[in-house]
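The values are calculated or read from the model by the stated rules, or taken from the named source; none is laboratory data. Everything quoted here is computed from the prediction, not taken from an experiment. Note that we place each Cβ from the backbone using ideal geometry, even for glycine, and neighbour counts take in every protein chain shown.
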Amino acid sequence: MKIIECVPNFSEGRDMTVINQITDEIRKIKGVKLLDIDPGYDTNRTVVTFVGDPENVITAAFNAIRRSHQLIDMTKHKGAHPRFGACDVCPIIPVSGITMEECVTIAKSLGKKLGEELDYPVYYYENAATTEERKNLAWVRQGEYEGLEANIKQPGRKPDEGPCEFRPKVGATAVSARDFLIAYNVNLNTKNEKLAHDIALNIREQGRLLKDENDKFVKDKAGNKVKQPGLFKNCKAIGWYVDDYKRAQISINLTNYHVTSMHHVFDEISKQAAERGLRVTGSEIVGVVPKEALIMAGIHYLEKQGSCAGADDKELIKIAAQSLGLSDVAEFKAEEKVIEYMLDNEGKLTGLTISDFCDKLSSDAPAPGGGSVAALCGALSASLGAMVMNLTYGKKGYSSFDREVNELAKDLQNRKKDLLQLIDADTEAFNVLMDALSGKSKAKKSEDKAEIEAAEKKYYEATVAATDIPLKVMKRISKLIQPLKRIAEIGNKNAASDAGVGALLVEAGVKSAALNVKINLSGFADDDKYKIQTINAMNEILAPLERLTAEILNIVEDKIK
């Protein structure tokens, strides 16, 4: 599932009646979770954080910004924080299952919608910027609201979207795509703030001012003080004393956890603390965190222990929480800290018990059906492959394969998660198709030509989408064949039959998904370009399937004789 975070900043931090009316627009949207509302009196600004799937997040953001235009009058606004609009900034942030490039596209679709439908200036910054200067928010917002009327007329400061005209009441909005920021603190067994800050200077990207052996600042030929860069990119850090905890902390902002994540800084701080006679007692996550950041940490620590890292998400998060000491100053609860766990997943098939899933499957409802079951076959096959690798890792007679086994196990866990998501995706696509079919029937009764054409187009697009899902299932499951073959070859002999069952599930899953592709294509004309391309893609997957499955089964049969 694709999940993004949106953090609009509104130029009102004092009147909770206004703030609540704006944030109520977010609460109304299904599929969106409002995580935090942080008003500031002196800044006269409220930072709002919410997450969800892209489509619903964009709807919520647009509605909230539209409401802010109705309630906030920038001609009367005063506050300590830089700003130039009722909704000053609105960044889009990738959380799960989505790339930064996709978030740039989403940010620009939001910006375009704001500019066109709300008729006011919109600028893009950071990753969505259209020029090098505009990557810097300070450049975009230079002069703030008071300078906007003059700036907007300058050739180089034309808005990216909306009219090139000053709108006094609402100002402008800067929209961006940026990385997720993890606010993370590491705790020390000392009250000495200076020791904590000394470590912070070493790890942060900005580093420290360089001193010589006489404790004098080193200067370059121009007389400027020389900086010694810190160890980690995308890392900001300071040391401070926290009276509530009666200890010093290193307070860290990780602005790109794919470059520098929690376990990177935790391990280095532990090392540097020991060099100073200190000990790290644990750490804490301030706010929320993407699941991926914790999974990365769990994998890191399992591999450091010499254990197989091909574990499920919950186990990896448990290992991460234990290794990072996340319950040191307050109990760490994944369901309250991990963004993906905080989203409302009510009604998701993957949240059902096996018994409930089968009951739902056996009812008179047309969905879930064969498409979801095909995806489940693939997820079960990947799970079996991961199990065989976990039963192989570190075992006598198999240790020479440990590195490969570990990588295969991790890969199959990822494939399992991907296929589990397709269980619900297939049912969701089918429901959209049924809605489009209903709309098509209603349009025919109206006898309105334009309405009929629009309904026909929507139905065609819904049918394509409903066909694409089982085709994707076919592709994803078929890619399990090669890993399973290698698993059959190097896996623990005692679990060889499980590799064989995995191979049979691949064949069943691919062929089952193919039937769903075929039934969805039955309504297309034989010369339809999409139908021809889809049939060719499907046949390419099916052609070698039985042969490849048989090769795995032969290996398995030889092992279990």
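Key figures for this structure:
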| quantity | calculated |
| --- | --- |
| One residue from Thr49, Thr17 being farther than 17 Å from Arg66 by Cβ, polar (S, T, N, Q) and surrounded by fewer than 18 Cβ atoms within 10 Å (Cβ to Cβ) | Thr17 |
| Some residue of region 341-360 being of a type in the set (Val, Ile, Thr), within 29 Å of Phe50 (Cα to Cα), surrounded by 15 or more Cβ atoms within 10 Å (Cβ to Cβ) and in contact with a Pro (Cβ under 7 Å, 6 or more places away or on another chain) | no |
| Counted residues, region 297-333 - those being closer than 19 Å to Asp418 by Cα and in a loop (DSSP other than H, G, I, E, B) | 4 |
| Leu35 over 16 Å from the mean Cα position of the chain (by Cα) and aliphatic (A, V, I, L, M) | no |
| Residue within region 526-542 that is exposed (fewer than 15 other Cβ atoms within 10 Å of the Cβ), among the aliphatic types (A, V, I, L, M), modelled with pLDDT under 95 and assigned by TED's automatic domain parsing to the domain that holds Leu471 present | no |
| Residues satisfying the stated conditions in region 381-415, i.e. more than 24 Å from Ser96 (Cβ to Cβ), without any contact (Cβ under 8 Å) to a residue 60 or more places away in the chain and either in contact with an Asp or Glu (Cβ under 7 Å, 6 or more places away or on another chain) or of a type in the set (Ser, Thr, Tyr) (or both) | Ser399, Ser400 |
| Residue list for region 467-485, restricted to those being within 30 Å of Asn431 (Cβ to Cβ) and in a helix (DSSP H, G or I) | Thr467, Asp468, Ile469, Pro470, Leu471, Lys472, Val473, Met474, Lys475, Arg476, Ile477, Ser478 |
| Yes/no for Arg178 being among the charged types (D, E, K, R) and more than 25 Å from the chain's Cα centre (by Cα) | no |
| Some residue of region 301-312 being surrounded by fewer than 19 Cβ atoms within 10 Å (Cβ to Cβ) and more than 25 Å from Asp402 (Cβ to Cβ) | no |
| Single match in Lys333, Lys337 (criterion: touching a residue at least 12 places away in the same chain (Cβ under 8 Å), of a type in the set (D, E, K, R) and surrounded by fewer than 23 Cβ atoms within 10 Å (Cβ to Cβ)) | Lys337 |
| Hey, Ala248 of a type outside the set (Ser, Thr, Tyr), buried (at least 21 other Cβ atoms within 10 Å of the Cβ), in contact with a Ser or Thr (Cβ under 6 Å, 6 or more places away or on another chain) and outside any helix (DSSP H, G or I) or not | yes |
